[in-house]
Amino acid sequence: MPSHDERSILGTEDVRRALTRIAHEVLEQNRGANDVVLIGIHTRGVPLANRLSSLVDSFEGIRPPVGRLDIGLYRDDLIGQPKPMVKPTEIPVPIEDKIVVLVDDVLYTGRSIRAAMDALMDFGRARRIQLAVLIDRGHRELPLRADYVGKNLPTSRGEIVKVRLTEIDERDEVTLISDDGRRRMDPAAHGGAK
């Protein structure tokens, strides 16, 4: 349950509805799922990609392949910090001539997505790369936008968007932690999550 400094944005049913809408939009935009590959960005993008694949399968009878992508070694915002712990990257099919939908939980500055595109290029040249996110919180530092968004959530830079998913956190919810709550949690913190 969120604290008084943590405001609920999406509950379980809201997350389900947002993902259902995104799955329908992916199908509509790409005229089906035949050439679609879903690639989840670690950590919470992976279960979101799996859920989208299941939803597409339930609508179309075609289950798009799902991969997982670690971007830790491609990030440009970790200079001077300890090396990130690398998680497995698995791309289940060749991506040449495929429509790759990168999936992440929160779109913020765009730096994670830039890193994901750089990492993806090591696996070949996709016909098209699209982006699906559960939350777009604004504050872009790079000229990127999501093709599919569960919820646009205007935030201040000091606020934290916290996404919790059943597969990792034992519940589905999105909360917003206020600037005051953030300072109490970590007085040295400067930016928001992602």
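Summary table below
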{"item": "Members of the stretch 76-114 found to be in a loop (DSSP other than H, G, I, E, B), open to solvent by less than 40 Å² (accessible area, probe 1.4 Å) and either of a type outside the set (S, T, N, Q) or touching a Gly at 6+ places or on another chain (Cβ under 6 Å) (or both), listed by number", "result": "Ile91, Ile95, Tyr108, Gly110"}
{"item": "Qualifying residue in the stretch 133-145 (condition: under 20 Å from Ser53 (Cα atoms) and either open to solvent by 10 Å² or more (accessible area, probe 1.4 Å) or over 17 Å from the mean Cα position of the chain (by Cα) (or both))", "result": "no"}
{"item": "Members of the stretch 146-166 that are closer than 19 Å to Ile22 by Cα and surrounded by 13 or more Cβ atoms within 10 Å (Cβ to Cβ)", "result": "Ala146, Asp147, Tyr148, Val149, Gly150, Lys151, Leu153, Val163, Arg164, Leu165, Thr166"}
{"item": "Residue within the stretch 55-62 that is touching a strand residue (DSSP E or B) at 6+ places or on another chain (Cβ under 8 Å) and either in a loop (DSSP other than H, G, I, E, B) or surrounded by 15 or more Cβ atoms within 10 Å (Cβ to Cβ) (or both) present", "result": "yes"}
{"item": "Residue ID - farthest from Gly72 (Cα to Cα), chosen from residues in the stretch 28-41 that are in contact with a helix residue (DSSP H, G or I) (Cβ under 6 Å, 6 or more places away or on another chain) and not in a loop (DSSP other than H, G, I, E, B)", "result": "Leu38"}
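The values are calculated or read from the model by the stated rules, or taken from the named source; none is laboratory data. Remember, it's a predicted structure, so these values are computed and weren't measured experimentally. Positions of Cβ are generated from backbone atoms using ideal geometry, with glycine treated the same way; all protein chains shown enter the neighbour counts. Accessible surface is based on the protein model in full, side chains and every heavy atom, while ligands, DNA and RNA are left aside. Shrake-Rupley method; radii C 1.70, N 1.55, O 1.52, S 1.80 Å.
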